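What follows is a short report on a single structure.
The values are calculated or read from the model by the stated rules, or taken from the named source; none is laboratory data. Note that the coordinates shown come from a computational prediction; the quantities given were computed from them, not determined experimentally. Cβ placement follows ideal geometry from the backbone for every residue including glycine, while neighbour counts extend to all protein chains displayed.
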């Protein structure tokens, strides 16, 4: 099923550039969730993901003519901006880490993307999710991106390679390395000394 | 299949990427895992990691940007485009004003030039008249001429009743001789004792051939 001409992203962008608020809103609503999830999974921070999405659309608002339809769809362009912002955020992160938030009782606040009012029987699942989230966030950025795109976003190697702007082989090797590191961090490698040494 | 090959293929157990792996390779990976305990352990470990990843994926599957971001963006969008509209209107208004000023200046200059040209023509006619010998009438009837002379000094003709100022724009000046009494036909006051005197009069004749204004030369 083809998308009607008036609903195409590039058409919406052209209209938004001329001041059509409805087109801008439509474009935002169409892409915000995917960008937010990607940013959230890469940064592990809701406020950072929020800032990144806002930044992406502010850039689109300020410089709509920077988009070149010959280089790909609007979604890929937006993702490219989001990816740059995420990488910049991750570069800055080590300096920002010491500023950890705490609750009134002094307990550390972890910004998790799960429902804070999860019923008790979901506690185990939540704990597991938190462990794997921490492990993913501990991966180097390029391996993390491969894991996020291929395992969490469930993209094919080809799609992940397009988004990352690198060859498929690079994505494969990054994913392989990312998986090994992830398993090592999760301490779930079983009787596999060869892989442990490879992962560390 | 070697262990290195298994690592790149055997861990793909589901999803889109498994479709990319050929059936033959999948079978070979399964056979390798059955024979190699290291690879079997790796596969089992990865399955556990995958379950953990799926939990994380599910927990963020429905995550969306908070509504406040959309509000902020739309506010910024409105500000940006309103400002642009106001700026465009201001530029348009400035150009319109400038154009109006130029037009006004041009029209004023043109009118001034026309007045100057007509004034010159009238002066020339007056000059011719002033060189002519004074008529008997002009020397003998100062009181009647006073009004017209005054008009003359004002540099203009006296409009005849029923004539409009704009009708004299393209008129011709004709000097005629007539008896003073004929001036009454133009609605001008005439001394009854001297109605039979012959005088020279400048008539401003319109394009329709009718006199529009009169002037008594000095």
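Failed condition for residue B:4, given (1) modelled with pLDDT of 80 or more; (2) more than 20 Å from residue A:155 (Cβ to Cβ), with all others met?
(1)
Hey, any hits in region B:195-204 for a residue that's assigned to a loop (DSSP other than H, G, I, E, B) and modelled with pLDDT under 80?
no
When the residues of region A:164-200 are filtered to those that are under 18 Å from residue A:145 (Cβ atoms) and outside any helix (DSSP H, G or I), which remaining residue is modelled with the lowest pLDDT?
Looking at the filtered set, the residue picked out is A:165.
Would you tally the residues in region B:40-62 being within 7 Å of chain A (Cβ to nearest Cβ) and crowded, with 17+ Cβ neighbours inside 10 Å? Working first, answer last.
If we filter region B:40-62 for residues that are within 7 Å of chain A (Cβ to nearest Cβ), which is where we start, we get B:41-42, B:44-46, B:48-49, B:52-53, B:55-57, B:59-60.
Okay, now just the ones that are also crowded, with 17+ Cβ neighbours inside 10 Å, so B:41-42, B:45-46, B:49, B:52-53, B:55-57, B:59-60.
Residues that pass the stated criteria total 12.
Quick one: would you say residue B:98 is surrounded by 10 or more Cβ atoms within 10 Å (Cβ to Cβ), at pLDDT below 90, more than 7 Å from chain A (Cβ to nearest Cβ) and part of a helix (DSSP H, G or I)? Let's see the steps before the verdict.
Working: surrounded by 10 or more Cβ atoms within 10 Å (Cβ to Cβ): yes; at pLDDT below 90: no; more than 7 Å from chain A (Cβ to nearest Cβ): yes; part of a helix (DSSP H, G or I): yes.
No: the conditions fail for residue B:98.
Scan A:61, A:42 and give me the residue that is under 14 Å from residue A:85 (Cα atoms) and either touching a helix residue (DSSP H, G or I) at 6+ places or on another chain (Cβ under 7 Å) or assigned to a helix (DSSP H, G or I) (or both). Give the derivation first.
Working: A:61 fails: under 14 Å from residue A:85 (Cα atoms).
Every option except A:42 fails the conditions.
Taking the stated definitions as given, is residue B:202 buried (at least 16 other Cβ atoms within 10 Å of the Cβ) and in contact (Cβ under 8 Å) with a residue 40 or more places away in the chain?
yes
For the condition more than 9 Å from chain A (Cβ to nearest Cβ) and surrounded by 17 or more Cβ atoms within 10 Å (Cβ to Cβ), what is the one hit in B:75, B:32?
After ruling out the rest, the residue left standing is B:32.
Out of region A:147-163, which residues are closer than 19 Å to residue B:59 by Cα and either assigned by TED's automatic domain parsing to the domain that holds residue A:44 or assigned to a helix (DSSP H, G or I) (or both)?
A:147, A:148, A:149, A:150, A:151, A:152 - these are the residues of region A:147-163 that are closer than 19 Å to residue B:59 by Cα and either assigned by TED's automatic domain parsing to the domain that holds residue A:44 or assigned to a helix (DSSP H, G or I) (or both).
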